[in-house]
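Shown next, in structure tokens, is the structure this report addresses.
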Amino acid sequence: MLATFLTALATALSLLIVDIIFPGVDIANFPAALIVALAIGLINSGVKPIIATLSLPLTFVTLGGFSLVVNGICFWLASVLVPGFRVQGIIAFILAPVVLSLANTFISKYFAERNLELQSNTNITTES
């Protein structure tokens, strides 16, 4: 449960970073970022595999380059579904998911390290 919450929180914080970097990405507030994080998670687990499978020939021909477009489609789809989130422009469509992934990786790694520290501190105090 805590891991799911931390994943959603990391994605929401990453989305706010993307909002700062790209003028074509607009997020109204932090609760909207949390909802967008959940929507992106659902889209990436449900819709993205279907789109990726259907676009496999294009991805193969472009040596994986079309996967950026698939990520952009999923990112844009989240903006269609969630009020308070908007994606405009080709730069935001293609590059914002890349920056989101990078920021999310670093923030998730930080949360994972902190969670391990908390678990080890809890084990030490309960064993004493």
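The values are calculated or read from the model by the stated rules, or taken from the named source; none is laboratory data. Only a predicted model underlies this, so the values are computations on that prediction, with no experimental measurement involved. Here Cβ is always computed from backbone atoms with ideal geometry, including for glycine, and neighbour counts include all displayed protein chains. The protein model used for the area step is the full one, side chains on, heavy atoms only, and it has no ligands, DNA or RNA in it. Shrake-Rupley method; radii C 1.70, N 1.55, O 1.52, S 1.80 Å.
Here are some notes:
- Calculated SAXS-style log₁₀ I(q)/I(0) at q = 0.10, 0.15, 0.21 Å⁻¹ - the chain, Debye, Cα scatterers: -0.37, -0.72, -1.18
- The alpha carbons of region 61-107 stretch over 35, 26, 16 Å along the principal axes, in descending order.
- Note on the chain: with neighbouring protein chains present and a 1.4 Å probe, carbon and sulfur make up 74 percent of its accessible heavy-atom surface.
- Inter-probe distance in nm under a simple model that places probes 7 Å from Cα toward Cβ, at ILE17 and GLU113: 1.3
- With protein chains left intact and a 1.4 Å probe, residues in the chain average 62 Å² of accessible area per residue.
- Dipole magnitude of the chain about its Cα centre (Cβ charges: Lys, Arg +1; Asp, Glu -1), debye to nearest 20: 280
- Positive-end residue, the chain charge dipole about Cα centroid, Cβ charges, pick of VAL36, LEU2, ASN71: ASN71
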